[in-house]
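Undergrad: Handing you this structure, nothing more for now.
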Amino acid sequence: MQKKHTASCSSQLARIAHTAFATFAVVAMALIVTSFAAAGGQTEVTKPAVPSGPVTLTWWGDSDFEDANMQIADGFNNANQNITIKYQGFPYDAYIPKLQAAFAARQAPDAAQVFGSWMPNYEKNGLLAAIPNAQEYQNRFYAPTTAGYTYKGVLYGLPHEFNIENGGVLTYPAMFKAKGLAYPPKSWDEIVKDGQALTVMSGNLFKVRGFDFINTDSVMFLFLANILQQGATYWTSDGHVNFTSPQAVKAMQFEVDLINKYHLTDLSEVANTDIDSSDTFFKGGAAMSMRGPWVIAVGQQQYKLTDFGYAPLPSFVPGNPPSFAAESGWGEVVATQTKYKEAAWKFLDYMMSKPIEEQFNLATYTVPADKAIAQDPAFAEKVPLMKTSLDMLQYGRPLGLVWDRDFLSNAIYEGYQTMVAKKETVEEGLKKIQDSVNTMIDQHTN
């Protein structure tokens with residue numbers, strides 16, 4: 001999906017190995033189902049036990065969050081004499097299959113840091129313990145952040161972040177000023193017009209892309225947002241996607257036009273999987289680039305830049321709310337099989353306290369899932385370029401139960417390339433995407 005992130009960046013950059021994940025998930029979940037069938041289909045292996053003596057809990061996480069996670073573990077251990085957290089971090093590419101294999105073999109850690117979009121199959125197969133006091137937590141967090149941790153109305157995990165990919169665009173204000181353009185653009189018409197003025201070509205090659213969005217996440221989330229912002233939905237009443245509605249066709253045609261009609265970017269970035277579109281921007285190769293706010297830390301820390309901005313993206317339909325779809329990002333779960341659920345709940349409660357949540361969000365540059373933190377002016381002052389995203393959170397809607405989010409994004413991304421290449425019409429391409437995604441959904445639900 002994207003290349004690897006540093007410890008200071010947000011989760012989206014960590015989600016890179018989507019193709020391997022999509023393939024492995026089918027095998028891993030088959031093993032999980034087989035394992036549970038062999039156990040008689042039980043979802044409760046042991047009953048919760050209040051520790052009467054010293055207890056050690058194993059907690060797994062993404063090693064890209066190593067510093068933040070170690071601070072959490074050390075803080076909890078210092079405050080709790082009878083419970084010790086043994087933290088183990090794993091590189092993202094290795095973590096996904098390791099976690100799946102551990103649950104399949106009934107050797108899961110007591111608690112795990114996971115990405116919400118991975119969780120539906122774990123929840124469906126009874127591998128996660130339901131969260132106590134769920135309603136209290138649900139009220140604290142934005143709906144998109146808990147949706148991936150919820151199955152059939154039961155909450156199975158607690159989120160750290162609001163995983164937002166919409167609502168903001170990287171910009172170079174000085175480029176606008178040099179061209180005499182008002183900043184920031186207030187409509188998509190202005191984005192197109194300004195993008196054309198800011199584009200710099202060398203023959204047939206882009207030196208500066210006027211508006212860049214060629215990455216798996218942006219292509220998908222821009223498409224879904226532009227459906228929602230027309231007042232429509234991309235879901236049917238029976239849990240399938242509808243990508244052939246007039247609103248979906250209009251949304252995708254616009255994305256195709258950004259390349260074929262307006263010439264604001266091209267598909268040449270697709271061939272270079274080691275370079276993210278945000279890298280193109282930070283190297284001066286784009287005047288505007290649609291990316292989630294996690295890339296702000298990349299620009300500031302990896303590229304040492306201070307001259308860029310992060311401007312709001314306007315609604316696709318002027319006057320309509322800038323609604324967008326969001327998947328559930330990083331959070332914490334407890335394995336059903338743990339012998340010490342009460343101790344694990346105590347650890348999760350500690351992690352979800354406001355001071356620790358804010359500490360994690362600041363250390364990892366993640367957008368808070370907790371409304372109280374996200375809406376606190378003092379938090380925004382500490383991360384000023386994140387304010388654009390913080391102001392957008394109220395318009396977020398859950399992505400929906402897609403089961404295999406990476407399959408969905410790949411299908412849209414690959415179909416988009418086919419449509420841009422004029423190998424299929426927009427209507428034909430969307431029908432093919434719709435059919436393949438609905439087949440995937442049926443495989444998970446039948």
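The values are calculated or read from the model by the stated rules, or taken from the named source; none is laboratory data. A quick note: this is a predicted structure, and the numbers were derived from the prediction, not measured. Positions of Cβ are generated from backbone atoms using ideal geometry, with glycine treated the same way; all protein chains shown enter the neighbour counts. Keep in mind that these areas ignore ligands, DNA and RNA; they rest on the heavy atoms of the full protein, side chains included. Shrake-Rupley method; radii C 1.70, N 1.55, O 1.52, S 1.80 Å.
Undergrad: Gly180 passes all but one of (1) more than 27 Å from Gln394 (Cβ to Cβ); (2) free of Cβ contacts under 8 Å to residues at least 12 places away in the same chain; (3) in a helix (DSSP H, G or I); which number fails?
TA: (3)
Undergrad: Quick one: in the range 385-418, of everything that is assigned to a helix (DSSP H, G or I) and in contact with a Leu (Cβ under 8 Å, 6 or more places away or on another chain), which residue is nearest to Thr171 (Cα to Cα)?
TA: Of the range 385-418, the ones assigned to a helix (DSSP H, G or I) are 385-395, 405-418.
Those left that are additionally in contact with a Leu (Cβ under 8 Å, 6 or more places away or on another chain): 405, 415, 417.
Numbers: Arg405: 28, Gly415: 28, Gln417: 25 Å.
Of everything passing the filter in the range 385-418, Gln417 is nearest to Thr171 (Cα to Cα).
Undergrad: Just to confirm my filter: which helices (runs of 4 or more DSSP H) fall fully inside the range 1-108 and include at least 1 residues that are hydroxyl-bearing (Ser, Thr, Tyr) and modelled with pLDDT of 75 or more? Talk me through it step by step, then tell me what you get.
TA: Numbers: elements: 18-38, 66-79, 92-104.
Per the criteria, 92-104.
Undergrad: Looking at (1) buried (at least 21 other Cβ atoms within 10 Å of the Cβ); (2) under 20 Å from the mean Cα position of the chain (by Cα), which is the only condition Pro398 fails?
TA: (1)
Undergrad: In the range 117-154, which residues are aromatic (Phe, Trp, Tyr) and in a helix (DSSP H, G or I)?
TA: Trp118, Tyr122, Tyr137
Undergrad: Let me ask another. Would you point out which residue out of Thr445, Thr439 is over 18 Å from Ala248 (Cα atoms), modelled with pLDDT under 95, open to solvent by 20 Å² or more (accessible area, probe 1.4 Å) and of a type in the set (Ser, Thr, Tyr)? Break it down stepwise before answering.
TA: Details: Thr439 fails: modelled with pLDDT under 95.
Just a single option satisfies the conditions, and that option is Thr445.
Undergrad: Kindly evaluate Ala129 against the criterion of being open to solvent by 40 Å² or more (accessible area, probe 1.4 Å), more than 18 Å from Tyr262 (Cα to Cα), of a type in the set (A, V, I, L, M) and in contact with a Phe, Trp or Tyr (Cβ under 9 Å, 6 or more places away or on another chain). Explain how you work it out, then say what you get.
TA: Numbers: open to solvent by 40 Å² or more (accessible area, probe 1.4 Å): no; more than 18 Å from Tyr262 (Cα to Cα): yes; of a type in the set (A, V, I, L, M): yes; in contact with a Phe, Trp or Tyr (Cβ under 9 Å, 6 or more places away or on another chain): yes.
Considered against the rule, which asks whether it is open to solvent by 40 Å² or more (accessible area, probe 1.4 Å), more than 18 Å from Tyr262 (Cα to Cα), of a type in the set (A, V, I, L, M) and in contact with a Phe, Trp or Tyr (Cβ under 9 Å, 6 or more places away or on another chain), Ala129 comes out as no.
Undergrad: Evaluate the following for Ile275: is it within 30 Å of Ser328 (Cα to Cα) and buried (at least 21 other Cβ atoms within 10 Å of the Cβ)?
TA: Working: within 30 Å of Ser328 (Cα to Cα): yes; buried (at least 21 other Cβ atoms within 10 Å of the Cβ): no.
So Ile275 does not fit the description; no.
Undergrad: Out of the residues in the range 401-446 meeting the condition of being of a type in the set (Gly, Ala, Ser) and out of contact with any Asp or Glu (no Cβ under 9 Å at 6 or more places or on another chain), tell me which one is nearest to Pro312 (Cα to Cα). Steps first, answer last, please.
TA: Here is the first cut: in the range 401-446, the ones of a type in the set (Gly, Ala, Ser) are 409, 411, 415, 421, 429, 436.
Checking which are out of contact with any Asp or Glu (no Cβ under 9 Å at 6 or more places or on another chain) leaves us with 411, 421, 429, 436.
Values: Ala411: 27, Ala421: 30, Gly429: 30, Ser436: 33 Å.
Selected residue: Ala411.
Undergrad: Note down all Cβ pairs under 6 Å where the first residue falls in the range 190-206 and is at pLDDT 95 or above, the second is β-branched (Val, Ile, Thr) and open to solvent by less than 90 Å² (accessible area, probe 1.4 Å), and they're at least six residues apart or on different chains.
TA: Val200/Val208
Undergrad: I've got another one for you. From Gln247, Gln229, Gln300, which residue is of a type in the set (S, T, N, Q) and in contact with a helix residue (DSSP H, G or I) (Cβ under 6 Å, 6 or more places away or on another chain)? Please lay out each step first, then the result.
TA: On the way: Gln229 fails: in contact with a helix residue (DSSP H, G or I) (Cβ under 6 Å, 6 or more places away or on another chain); Gln300 fails: in contact with a helix residue (DSSP H, G or I) (Cβ under 6 Å, 6 or more places away or on another chain).
Result: Gln247 is the single residue among Gln247, Gln229, Gln300 that is of a type in the set (S, T, N, Q) and in contact with a helix residue (DSSP H, G or I) (Cβ under 6 Å, 6 or more places away or on another chain).
Undergrad: Those residues that are surrounded by 14 or more Cβ atoms within 10 Å (Cβ to Cβ) and free of Cβ contacts under 8 Å to residues at least 60 places away in the same chain, I need them from the range 71-87; list them, please.
TA: Of everything in the range 71-87, those that are surrounded by 14 or more Cβ atoms within 10 Å (Cβ to Cβ) and free of Cβ contacts under 8 Å to residues at least 60 places away in the same chain turn out to be Ala73, Asn77, Thr84, Tyr87.
Undergrad: Moving on. I'd like to check something: does the range 254-271 contain any residue that is modelled with pLDDT under 95, of a type in the set (A, V, I, L, M) and surrounded by fewer than 23 Cβ atoms within 10 Å (Cβ to Cβ)?
TA: Within the range 254-271, one or more residues are modelled with pLDDT under 95, of a type in the set (A, V, I, L, M) and surrounded by fewer than 23 Cβ atoms within 10 Å (Cβ to Cβ).
Undergrad: Give the residue that is most open to solvent (accessible area, probe 1.4 Å), with candidates limited to residues of the range 183-202 that are part of a helix (DSSP H, G or I) and among the hydrophobic types (A, V, I, L, M, F, W, C). Spell out how you get there, then give the answer.
TA: Our first condition is that a residue be part of a helix (DSSP H, G or I); within the range 183-202, this holds for 188-198.
Filter again for among the hydrophobic types (A, V, I, L, M, F, W, C), leaving 188, 191-192, 197-198.
Details: Trp188: 16, Ile191: 2, Val192: 14, Ala197: 40, Leu198: 8 Å².
Top of the filtered list is Ala197.
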